[in-house]
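Accompanying notes for the structure given below.
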Amino acid sequence: MRGLSLFLLVLIPFRIFSQQITLDRVEPPYWWTGFKHNNLQLMVYGKNIGSTTVSLDYPGLVLRKVHKVENPNYLFLDLTINKAIRPGVATIGFKLRDKVVGACHYELKERKINSARRKGFSAKDVIYLLMPDRFANGDTSNDVSAGMIEPVDRSNKDGRHGGDLKGIRDHLDYLRDLGITALWINPLLENNMTRYSYHGYSTTDYYRIDPRFGTNEDYVKLSDELHQRGIKLIMDMIFNHCGSNHWWMNDLPTKDWVNQWPEFTRTNYRAGTYNDPYASRADSNKFLKGWFDITMPDLNQTNPYVRNYLIQNSIWWVEFAGLDGIRQDTHPYAFKEMMSDWGKRMLEEYPDFNFVGECWLNNPASVAYWQKGSKNKDGYDSWLPSVFDFPLYDALNKSFNEAEGWNTGIIRLFEVLAQDFSYPDPENIVVFADNHDVNRYLDSQGDDVRKLKMAMAYVLTIRGIPQIYYGTEILMTTGADKSGDGPKRKDFPGGWPGDLRDAFTEQGRTTAETDMFNYLRKILHWRNSAEAIHTGKFKHFIPEDGIYIYFRYNSQSTVMVIMNNNEETKTIETRRYKEFLDKHNSGIEIISGSILNDLSKLTIPGKSAEIIELR
Ligand code: CA
């Protein structure tokens, strides 16, 4: 059980007549004054708490309505927080037949100055994605935590390995040195599941960091230490489903809290059915209401209490931990009108915030449907500012492996960007070569490091917000055993006490790893101040002879990127590019540092990329 005292809750369980009344939870555990929306809905949980009448006495805080639901162990309290209210601690009283049976304190904190003005991540940033169980174990004392079912077992690829928040905090200077500016950590909330709990996508408590990762306060420390280093924090959230061991699963507030089926029914995972104009009701229903897994019950976001619960939960974490962004898991799997309400509310409270949804669809039109501002035929607007570029991921995984042809090879990269007209905001799309759910890029490229370098040069120079998966910088691969997801999420060498080597340090890296690390570091540090990449325009030329050339430019600077997908070195005449090259007579290649004094002909080695800042 969690420490409720943490949340300044005073719990007074009472036994009245023969009937026991308890107060076990109030969620959100506290709130803040000063939001645009002044409504708050508390979920109150305890044995027979629904039989009580509720009172509240605090100046400026109005108990507008008390909702009783099917289950007598719940109450939902609608509060209005007046604009002029002062932060403080209110007392909520519970009575049974006019006799007070208990009370709890409810705190309204003052928001931090500029909380509403926080800036989300953008194309100026580079996101580093890491899986917290697999990055570094900074505190072995939390590997086994009281009340948590699954113990640590590092020999099990699908088990918990012991990584934690302390381990991440211990390596922030490593991340800063690498040059990333934003950190997306796979979910950290409690996952008290029997097995396979390390990945974090089966939430069992929406207000608690899993104790095997640390405490809520440790998460705030991480946030502060990241911000001291100029690195943003992106929280991974899941509105679509919870874990089957979530505390409410044994005592649901309403039957329709989760989508119920006569027997276990899995989603068909066909996200396209949800916006397919020809989809059958059976298919779209199964997609939307089927469970993601037997251990992942499908939350019913059409239930207004569920809706409020999830929206408030996300705001609570933004305020509590000072977040700079959210990554929303399985975004289309949740009821889309509610997701739209969520996005709208977030942007009303935080106009400069950013959040990205996992809309795993394989063509730009389908992904674009989910980006805020999309002119969809059905009138739907997601209010989701950013999406992941899965079509580009797909193209990137094929391009460098294929022989050049009309439809194959590097033309795929050109074609996918040529469809950017679909997107309302192509600059606010997250681009990536791999992530925790797919094969590591090196594996998909037959361990060819040249291709990995090309992919990194590409995602770091095209439009959008690059995301790099942890371990890419040290050539981490899935390895021989490719079964399941575990091998895609290996432990970072050096993150565990007693590891044979420490790849967080140059001494602990092999020559090849150091070469890759330096390659990425070089581009990242350059990119961090390359405004033409952050906000510049994009122009590309149809690939010819396996060579793809594009430009990023603004009024101050122009960057030319050349990708050679051939095995052999190529020398290109540059007359075709004179609309950009006419104004320049030299350039510097960023990765090698070489100066180019003649731009009329350029020579580029096989399977490589060059990034040339024109002068
Ligand atoms: Ca640990």
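The values are calculated or read from the model by the stated rules, or taken from the named source; none is laboratory data. As the structure is a prediction and not an experimental result, all values here were calculated from the model. Heads up, the Cβs are rebuilt from the backbone with ideal geometry, glycines too, and the neighbour counts pull from every protein chain shown.
State all residues of region 156-166 that are within 16 Å of the ligand (Cβ to nearest atom) and either at pLDDT below 95 or surrounded by fewer than 18 Cβ atoms within 10 Å (Cβ to Cβ) (or both); if no residue qualifies, say none. First the steps, then the outcome.
Initial filter on region 156-166 (within 16 Å of the ligand (Cβ to nearest atom)): 156, 159-166.
Matches in region 156-166: Asn156 only.
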Open item on the list: I'd like the full set of residues that are under 16 Å from the mean Cα position of the chain (by Cα) and either surrounded by fewer than 23 Cβ atoms within 10 Å (Cβ to Cβ) or touching a residue at least 40 places away in the same chain (Cβ under 8 Å) (or both), limited to region 169-194.
Closed with: Ile180, Thr181, Ala182, Leu183, Trp184, Ile185, Asn186, Pro187, Leu188
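Looking at Ser422, Ser399, Ser483 in this structure, which one is modelled with pLDDT under 95 and polar (S, T, N, Q)? Quick ask: steps written out before the conclusion?
Working: Ser422 fails: modelled with pLDDT under 95; Ser399 fails: modelled with pLDDT under 95.
Matching residue, one of Ser422, Ser399, Ser483: Ser483.
Out of Val144, Val152, I need the residue that is surrounded by fewer than 18 Cβ atoms within 10 Å (Cβ to Cβ), within 11 Å of the ligand (Cβ to nearest atom) and of a type in the set (A, V, I, L, M). Which one? Lay out the reasoning, then the answer.
Numbers: Val152 fails: surrounded by fewer than 18 Cβ atoms within 10 Å (Cβ to Cβ).
Every option except Val144 fails the conditions.
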Task: All positions within region 64-93 that are free of Cβ contacts under 8 Å to residues at least 40 places away in the same chain and among the acidic types (Asp, Glu) - done: Asp78
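Among the listed residues Lys583, Lys578, which satisfies the condition of being in a loop (DSSP other than H, G, I, E, B) and outside the structural domain of Ile523 (by TED's automatic domain parsing)?
Numbers: Lys578 fails: in a loop (DSSP other than H, G, I, E, B).
When all the criteria are applied, what remains is Lys583.
Going by what's in this entry, would Arg281 be described as surrounded by fewer than 21 Cβ atoms within 10 Å (Cβ to Cβ), of a type outside the set (Ser, Thr, Tyr) and not assigned by TED's automatic domain parsing to the domain that holds Met193?
Working: surrounded by fewer than 21 Cβ atoms within 10 Å (Cβ to Cβ): yes; of a type outside the set (Ser, Thr, Tyr): yes; not assigned by TED's automatic domain parsing to the domain that holds Met193: yes.
In short, yes.
Only one residue in Tyr423, Tyr519, Tyr470, Tyr458 is under 17 Å from Asp389 (Cβ atoms) and in the same structural domain as Arg160 (by TED's automatic domain parsing), so which one is that? Quick ask: steps written out before the conclusion?
Details: Tyr423 fails: in the same structural domain as Arg160 (by TED's automatic domain parsing); Tyr519 fails: under 17 Å from Asp389 (Cβ atoms); Tyr470 fails: under 17 Å from Asp389 (Cβ atoms).
Among Tyr423, Tyr519, Tyr470, Tyr458, only Tyr458 is under 17 Å from Asp389 (Cβ atoms) and in the same structural domain as Arg160 (by TED's automatic domain parsing).
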Open item on the list: Regarding region 167-177, can at least one residue be identified that is touching a Gly at 6+ places or on another chain (Cβ under 6 Å), assigned to a helix (DSSP H, G or I) and either in the same structural domain as Pro493 (by TED's automatic domain parsing) or within 11 Å of the ligand (Cβ to nearest atom) (or both)?
Closed with: yes
Task: Among residues of region 195-239, those that are surrounded by 23 or more Cβ atoms within 10 Å (Cβ to Cβ) and part of a loop (DSSP other than H, G, I, E, B), counted - done: 12
Open item on the list: Could you tell me how many of the residues in region 69-103 are over 13 Å from Ile21 (Cα atoms), under 35 Å from the mean Cα position of the chain (by Cα) and assigned to a strand (DSSP E or B)?
Closed with: 9
Open item on the list: It is to be established whether one or more residues within region 424-443 are in contact with a helix residue (DSSP H, G or I) (Cβ under 6 Å, 6 or more places away or on another chain), assigned to a loop (DSSP other than H, G, I, E, B) and among the hydroxyl-bearing types (Ser, Thr, Tyr).
Closed with: no
Open item on the list: List pairs: first residue in region 252-273 and in the same structural domain as Arg25 (by TED's automatic domain parsing), second residue surrounded by 15 or more Cβ atoms within 10 Å (Cβ to Cβ) anywhere in the structure, Cβ distance under 9 angstrom, at least six positions apart or on different chains.
Closed with: none
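Within region 369-391, identify whether any single residue is among the aliphatic types (A, V, I, L, M) and within 21 Å of Leu288 (Cα to Cα), and answer yes or no.
The first filter runs over region 369-391 and keeps only residues among the aliphatic types (A, V, I, L, M), leaving 384, 387.
Filter once more, keeping what is within 21 Å of Leu288 (Cα to Cα): 384, 387.
Yes: one or more hits.
Could you check region 335-368 and list, in sequence order, the residues that are among the aromatic types (Phe, Trp, Tyr), farther than 22 Å from Asn435 by Cα and in a loop (DSSP other than H, G, I, E, B)? Steps first, please.
Going through region 335-368, the residues among the aromatic types (Phe, Trp, Tyr) turn out to be 335, 342, 350, 353, 355, 360.
Add one more test, that the residue is farther than 22 Å from Asn435 by Cα, and what stays is 335, 342, 350, 353.
Residues satisfying the conditions are Phe335, Tyr350, Phe353.
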Task: Residue count for region 164-175, restricted to those that are under 17 Å from Thr472 (Cβ atoms) and not aliphatic (A, V, I, L, M) - done: 2
- [ ] Being within 24 Å of the chain's Cα centre (by Cα) and surrounded by fewer than 18 Cβ atoms within 10 Å (Cβ to Cβ) narrows it down to one of Asn268, Asn245, so name that one.
- [x] Asn268
TODO: Could you grab me the full set of residues in region 592-615 that are within 39 Å of the chain's Cα centre (by Cα), in a loop (DSSP other than H, G, I, E, B) and crowded, with 18+ Cβ neighbours inside 10 Å?
DONE: Lys607
Open item on the list: For the condition within 20 Å of Tyr201 (Cα to Cα) and not polar (S, T, N, Q), what is the one hit in Gly357, Gly343?
Closed with: Gly357
